[in-house]
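This report refers to the structure that appears directly beneath it.
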Amino acid sequence: MDEMIKKIINGYTLNIYKDKLELSTAVFKFIESHIIHILKKKDRFKFCVSGGSTPKSVYQLLSKCDIRWEMVDVFLGDERCVDPNSELSNSLMLKNSLLTNFGSKAFFYEIFNDLNADDEAVKNHLISKLFEKCGSNPPSFDLTLLGLGDDGHTASLFPYQNNNVDDFVIFNEGKGLKRISLTPKVLSASSEIVFLVSGSNKRIALERLLDEKEPFDRTPSKLIKSINQISIFCDQESAKELEI
């Protein structure tokens, strides 16, 4: 399985790469191409990004692309409720990866830029900025990049929590931390949705994501739906349990 393998499984387009390096390169090239393509037709590119460790190498590669970053609006799909200077902050990770080099020209909405604001104020301000930048109801991104946790979560939509609410933003608990997250209603409205999956610890979660009979409460990533095909970019390590 040295060459990239592409399969369509239950509404997902699965792209399997040899290792994490080839995976990161492929995802970075896909995103770069998509930004360039959309900005030929639209004034701005609305980009929803994931936190965590898996996409960091993708962001570092993207930041070195000399594209029209000043026309790109970047939002996090979720954030830990921590100081923005904490090592646990997704915002800090972005500032040290995607938002460096050429990427520093992009607009980035930092969720917790006011540490004195209460939950309701933080939520309402995020929703207001989503409507301002996305201009639709529900707010719609040109591209949403999502991760997949080993427990089946995506963004901060964790198993057996009240994730599928008729709202745009929710607070949740996960992995011992309070978090804020965009809801399936917003994430599913994106024109293009990509899951980035890497590592042997993601095998069961990926298998469950692709299983039509898998319940949403155990695997909340399945709450993300689209009228278009959802793409999954993964490496061989994460795809070993799949029957392909």
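The values are calculated or read from the model by the stated rules, or taken from the named source; none is laboratory data. Computed from a predicted model, the values in this text were never measured in an experiment. Every residue, glycine among them, receives a Cβ derived from its backbone with ideal geometry; neighbour counts consider all protein chains shown. Keep in mind that these areas ignore ligands, DNA and RNA; they rest on the heavy atoms of the full protein, side chains included. Shrake-Rupley method; radii C 1.70, N 1.55, O 1.52, S 1.80 Å.
Can you give me the span-like helices of the chain, meaning DSSP H runs with 20 Å or more of Cα extent along the axis and Kyte-Doolittle mean at or above 0.5?
Membrane-span-like by this criterion, though nothing is claimed about a membrane: 20-38.
May I ask you to give the percent of accessible area on the chain that is carbon plus sulfur, with a probe radius of 1.4 Å?
47
Protein chains only, probe 1.4 Å: how do Lys129, Lys105, Lys41 rank by accessible area, largest first?
Putting Lys129, Lys105, Lys41 in descending order of accessible area: Lys41, Lys105, Lys129.
Search the structure for amide H atoms under 5 Å from the amide H of Phe45, placed 1.01 Å from N in the peptide plane, and list their residues when 5 or more places away or on another chain.
Distant-sequence amide H within range of Phe45: Val72, Asp73.
Pick out which of Ala121, Ala205, Ala189 has the largest mean-square fluctuation in a Gaussian network model of the chain, springs linking Cα atoms closer than 10 Å.
Most flexible of the set in this elastic network: Ala121.
Quick query: amide H of Lys178 versus all other amide H atoms, modeled in the peptide plane; which residues come in under 5 Å with a sequence gap of 5 or more or a different chain?
The list, which skips near neighbours in sequence, is Cys81.
In debye to the nearest 20, how big a dipole does the chain give about its Cα centre with +1 on each Lys and Arg Cβ and -1 on each Asp and Glu Cβ?
So the dipole magnitude of the chain works out to roughly 560 debye.
Please give the Cα centre distance for segment 203-234 versus segment 112-157, rounded to the nearest Å.
Each part reduced to its Cα centre gives a spacing of 20 Å.
I need the shape label for segment 6-112. Rule: rounded when a/c is under 1.5, else prolate if a/b > b/c, else oblate, with a, b, c from the alpha carbon gyration tensor.
Note, shape of segment 6-112 comes out oblate.
What ³J(HN,Hα) values, in whole Hz, does the Karplus curve 6.51 cos²θ - 1.76 cosθ + 1.60 give for segment 3-16 when θ = phi - 60°, with x put for Gly and Pro?
8, 4, 10, 10, 9, 10, 10, 6, x, 10, 9, 9, 10, 10
For segment 64-173, count the residues as N, evaluate 2.2 N^0.38 Å, and divide the Cα radius of gyration by that value, please.
Dividing the Cα Rg of segment 64-173 by 2.2 N^0.38 Å gives 1.11.
Where only protein heavy atoms count, and the probe is 1.4 Å, what is the accessible area per residue for segment 111-244 in Å²?
On a per-residue basis, segment 111-244 sits at 44 Å².
May I ask you to derive the FRET efficiency for Asp166 and Ala117 from their Cβ-Cβ distance with R0 = 25 Å, giving the value to the nearest 0.05?
It comes out at approximately 0.55.
For segment 109-244, max minus min Cα coordinate along each principal axis, in Å, sorted largest first?
On the principal axes, segment 109-244 reaches 47, 33, 24 Å in Cα extent.
Can you report the principal axis dimensions of the chain using only the alpha carbons, biggest first, rounded to whole angstrom?
49, 42, 34
Setting aside same-chain residues fewer than 8 positions from Lys123, which lysines have a Cα under 29 Å from its Cα?
Counting by Cα, and skipping residues close in sequence, Lys123 has these lysines nearby: Lys42, Lys46, Lys56, Lys95, Lys105, Lys133, Lys175, Lys178, Lys185, Lys222, Lys225.
To the nearest 500 deg cm²/dmol, what mean residue ellipticity at 222 nm is calculated for the chain from DSSP H runs of n ≥ 4 alone, each contributing -39,500 (n - 2.57), summed and divided by the residues?
-7500 deg cm²/dmol
Where a ≥ b ≥ c are the square roots of the eigenvalues of the C-alpha gyration tensor, would you call segment 151-210 rounded, which needs a/c under 1.5, or, failing that, prolate if a/b is larger than b/c, or oblate?
It is oblate, given that a/c is not under 1.5 and a/b is not larger than b/c.
Evaluate the distance, in nm, between pseudo-label points positioned 7 Å from the Cα of Thr13 and of Phe131 along their respective Cα→Cβ axes.
3.3
I'd like the FRET efficiency for Ile227 and Asn85, computed as 1/(1 + (r/R0)^6) with the beta carbon distance as r and R0 of 45 Å, rounded to 0.05.
After rounding, the FRET efficiency stands at 0.70.
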